[in-house]
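**Q** My questions will all concern the structure given below.
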Amino acid sequence: MNGRLKLKGRVFTHLVYPIVMAVALFLTGIGITIVNADAGSLILSLSIVYLIFTIVMYVVNQKLVMQEMIKFAVDYAQVQKELLDDMVIPYGLIDRQGNILWQDGEMGRLLKREYGKRVPEVFKEITDKHLELGNEIKEMHINYKDHYYRVQLKRVNTDKAFDNTEILDIENQEYVIAMYMFDETRLRRVEKENFDQKLVVGMLYIDNYEEVLESIEDVKASLLAALIDRKINKFIAGIDGIVRKLEKDKYFLVLKRQSLEAVRSDKFSIVDDVKTVNIGNEQQVTISIGIGMGGESYSQLCDYARAAIDLALGRGGDQAVVKDGENIYYYGGKTKLVEKNTRVKARVKAHALREIIESKDNLLIMGHKLSDIDSLGAAIGIYKAATVLNKPANIVLNDVTATLKPMVDRFIEKQEYSRLFINNERVADFIGDNTLVVVVDVNRPSRTECPLLLEKIKSVVVLDHHRQSSEIIENALLSYIEPFASSTCEMVAEILQYIQDGIRLKPLEADAMYGGIVIDTNNFIQKTSVRTFEAAAFLKRHGADVIRVKKMFRDNFSDYKWRADAVTNTEIFLGCFAITVCRSEEVESPTVLCAQVANELLDINGIEASFVLTDYNHKIYISARSIDNINVQLIMERMGGGGHMNMAGTQIENVNLEDAKQMVIETVKQMKEEKAI
């Protein structure tokens, strides 16, 4: 029997089953014979004939079945080979080193010019790390010869697949890899077409429509409006979009996402192009654009567009903002802000603030962390508004810097202000069911003196002169943000004049607010307007003393020495940018010293922007200043900060001074190449 093929398993059982039944029938016949001899004899005879027949059939059919099964196996293997070889998808087996062991016809035709190369050498997206497989199936997307493929790599254990092979040496190969390539080129093209055809919604506002029309003759006003309208319509028509005029200075836009990408790559040239409209007008026409995209519905797109245009206007206008879901992108905003001479907005905001204060039981006022005199002065102004409306108010103040201490001490010395300031540890005692939080000189929740207040109290008012960023205080009852204002103290001084007729500030309160304007304008040199001097005059009439304020902010000798040391060690890069490091040891207020050094560097001929860094409280603080054309606010925003065009800053964690310094230099170089500043 050795060397002969034998059947086993279900096929063998199927052939033997009739013999078993014949034997069972024979035994049954014997039992029946005991009862009835005639009937038993008949059944025995039939069972013997059936048994002989089944044995003969088994002997004959076993050989025939064996031959048919061998033939089927050979044919089946050939069918399998042809099916594998003619698969419509490229398929192959590769070893762990990326060498192709076997490939079907489709993969052979695809890689005929790459014969002999390893898979990672042919497909750059597949690395040697991808060939290290566990039980998972790795999937990746590659681009090869202008086609997009979804590649699957699946482990095939060699101990199961190649048990009986005597051709391949698989001693060092735990597994080989089955590689499938699914062509998704058409799918990608359809997806891209669908993506490109999606609609996005936008809003376009003319920032200074009334001011521009007032600067020209009445007979030219309609012509100027027509030219602006034509410029906007021509631009939108050129990108296959739709524009509808809602009001004299507001437009509603609808365009395809593909068109938007072209506009974004062009950095929204319409923002600069519309400034060329000039028929004798003294002011340039500026526009703001807000685009909403990535929403799940058209109503959500409109909400995104409204949020984007509000953000563009809150940052001073003359720019475009794209809100794509949670992501926000800024374009433009490089020009100097032009103040509005009208106080209508200040009056409206003042009346709204009065109504809110009168409806509350008490106020908690806070500025930003490491408060400066502008933050403190604005808080004092709001405190004054609360007191004249007979509402109790407190100012949240934690760390008092050396420059702020003389002013704070003057308030604490007065009995009526002895309980004015509270810190974060005591703030919970002043929170009631009807408490109002007023945030001044900051509009980022994370930068406020006590962020926890914004979580516990939903009634919030925001007054600030810094440009908005993507991080904002949401759902504020009143948000008054004017980026063209010199300081928050200027804004609060205007509000106080409309809060109540005949309001009188005490000289100490006027000093605090006047000091905020002086410091933020660098002694009325930077970012001043007619309204700045009007606010200063208002405070002067209420007892603000210029000499008293000047004495309060004089430097001590050690700070002056370290400031001179920082200026001495200044480096110049790209011909017009100054950068230096200011020491924090033995300095009471390193961040203030930073700002002072940055301002002084602008007095040097040829310097257009300055950056001063210091290490304080395990963070790197950067103060940035510019004197004219360079927008340092955009630079600081890219590094996670913000501010104004000529005055900005940021904080960086987990880096040292030298690395932070290099980051500033690289950021400026990159933005200079992109012409983003």
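Quick note: the coordinates plus some simple rules give every number you see, no bench work behind them. It should be emphasised that the depicted structure is a prediction, and the values quoted were computed from it without experimental measurement. FYI the Cβ positions are ideal-geometry reconstructions off the backbone, even for glycines, and counts take in every protein chain you see.
**Q** Please find the FRET efficiency linking His351 to Lys192, where r is the Cβ-Cβ separation and R0 is fixed at 56 Å, and quote it to the nearest 0.05. Write out the running numbers ahead of the final one.
**A** Values: r = 52 Å, r/R0 = 0.93.
For His351 and Lys192, the calculated efficiency is 0.60.
**Q** In percent, how large is the relative contact order of the chain, given Cα pairs closer than 8 Å and 6 or more residues apart?
**A** 7 percent
**Q** When the helix-only estimate is applied to the chain (DSSP H runs of n ≥ 4, each -39,500 (n - 2.57), divided by the residue count), what is the mean residue ellipticity at 222 nm, nearest 500 deg cm²/dmol?
**A** Working: 23 runs with 298 residues, N = 677.
Computed ellipticity for the chain at 222 nm equals -14000 deg cm²/dmol.
**Q** Asn605 to Leu574: FRET efficiency via 1/(1 + (r/R0)^6), r the Cβ-Cβ distance, R0 22 Å, to the nearest 0.05? Mind showing how you got there, number by number?
**A** Details: r = 16 Å, r/R0 = 0.73.
Calculated value: 0.85.
**Q** What's the ranking of 417-428, 602-613 by average number of surrounding C-beta atoms within 10 Å, highest first? Don't skip to the end; give the middle numbers.
**A** Working: 417-428: 14.2, 602-613: 19.3.
In descending order of packing, they fall as 602-613, 417-428.
**Q** What do you get for the angle between helix 507-520 and the principal long axis of the chain? Use alpha-carbon atoms, 0 to 90 degrees, nearest ten.
**A** Approximately 60 degrees, to the nearest 10.
**Q** Longer than 23 Å from Cα to Cα, which of Lys220/Lys250; Lys267/Lys527; Lys192/Lys231; Lys124/Lys669 are they? Say none if no pair is. Numbers along the way, then the final one.
**A** Working: Lys220/Lys250 20 Å; Lys267/Lys527 27 Å; Lys192/Lys231 31 Å; Lys124/Lys669 31 Å.
From Lys220/Lys250; Lys267/Lys527; Lys192/Lys231; Lys124/Lys669, over 23 Å: Lys267/Lys527; Lys192/Lys231; Lys124/Lys669.
**Q** For the stretch 344-552, report the convex hull volume of the alpha-carbon atoms normalised per residue, in Å³, without decimals.
**A** Residue-normalised Cα hull volume stands at 113 Å³.
**Q** Under a Cβ-only charge scheme (Lys and Arg +1, Asp and Glu -1), can you give me the dipole magnitude of the chain about the Cα centre, in debye to the nearest 20?
**A** The calculated dipole for the chain is roughly 900 debye.
**Q** What is the distance, in nm, between label points placed 7 Å from the Cα along the Cα-to-Cβ direction at Phe557 and at Lys672?
**A** Reported label-point gap for Phe557 and Lys672 is 4.0 nm.
**Q** Here is a follow-up. Projected onto the charge dipole of the stretch 557-673 (+1 at Lys/Arg Cβ, -1 at Asp/Glu Cβ, origin at the Cα centre), which of Gln633, Asn617, Gly649 gives the Cα projection farthest towards the positive end?
**A** Gln633
**Q** Can I ask one more? Between Ser359 and Asn523, what length in nm is gained on full extension when 0.36 nm per residue of separation is reduced by their alpha carbon distance?
**A** 55.2 nm
**Q** Rounded to the nearest 0.05, what FRET efficiency is calculated for Glu455 and Val344 with R0 set to 45 Å and r the Cβ-Cβ distance? Mind dumping the intermediate values first?
**A** Working: r = 34 Å, r/R0 = 0.76.
The calculated FRET efficiency here is 0.85.
**Q** Between helix 298-314 and the chain, what is the angle of the helix's C-alpha long axis to the longest principal axis, kept within 0 to 90° and rounded to the nearest 10?
**A** Approximately 30 degrees, to the nearest ten.
**Q** Still on this model: Return a whole-number percent for the relative contact order of the stretch 299-429, with Cα pairs under 8 Å and 6 or more residues apart as the contact set.
**A** 16 percent
**Q** Sticking with this structure for a sec: What length, rounded to one decimal in nm, is gained on full extension from Asp429 through to Glu658, with 0.36 nm per residue of separation minus their alpha-carbon distance?
**A** Contour length minus Cα-Cα distance gives 78.1 nm.
**Q** Taking every DSSP beta bridge with both residues inside the chain, roughly what % is antiparallel (nearest 5)?
**A** Of the beta bridges lying entirely in the chain, close to 70 percent run antiparallel.
**Q** Can you tell me how much longer the chain between Ala24 and Ser215 gets when fully stretched, taken as 0.36 nm per residue apart minus their C-alpha distance, in nm with one decimal?
**A** Contour length minus Cα-Cα distance gives 57.0 nm.
**Q** Give the angle, between 0 and 90 degrees and rounded to the nearest 10, that separates the Cα long axis of helix 590-601 from the longest principal axis of the Cα atoms of the chain.
**A** 70 degrees
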